[in-house]
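All of the numbers you see were taken from the coordinates with simple rules; none came from a lab. Worth saying up front: this structure is predicted, and the values here are computed from it rather than measured. Here Cβ is always computed from backbone atoms with ideal geometry, including for glycine, and neighbour counts include all displayed protein chains.
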Amino acid sequence: MRKKIRLISHIRPIRLIISFFTKTRRRKFLSVLLVLLILLTSLRLLFFSPKEVEAAWFDDSYAYRHRVTFTHNADISADRAVTFTLDTAELITANLMQSDCDDTRFTDANGKLLLFDLTGTCNNATTTYEVIFPTIVS
């Protein structure tokens, strides 16, 4: 007899919960739950999405850009390092460049930043850089 009473006492709260959620209440509950999920997801994406990293001064209208061109014989479809020599001493003396050459940037013709490595000595008339081009078309 005790087992039956315990079994019935466990079923009664479940029946109360089920009877509480009538068809319209279930719709309202699911609608509110869906709206909350959409709202929380939107807030998360708005406030906690990763931001694109870029230097604050880097700008397409930057006044001290210098176009560098080079010639080559064949199309290159894999990453290729091209060495450039620049007179950074003159730029540093004119206060157009930082003394450690840390503000140097290389871009392709479309403005996409390219990877590069300072291979020479900064503040020199023949500072060398190796710039990585993903593809080069002749």
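General remarks:
- Percent RCO, i.e. relative contact order, over the stretch 55-138, from Cα pairs under 8 Å lying at least 6 residues apart: 39
- Summing Lys and Arg as +1 and Asp and Glu as -1 over all other residues whose Cβ lies under 11 Å from the Cβ of residue 131 gives a net charge of -2.
- Cβ crowding within 10 Å, taken as a proxy for footprinting-reagent exposure, orders 32, 131 from fewest neighbours to most as 32, 131.
- Site pair residue 70 and residue 43 shows an inter-label distance of 5.3 nm when each label is modelled 7 Å from Cα along Cα→Cβ.
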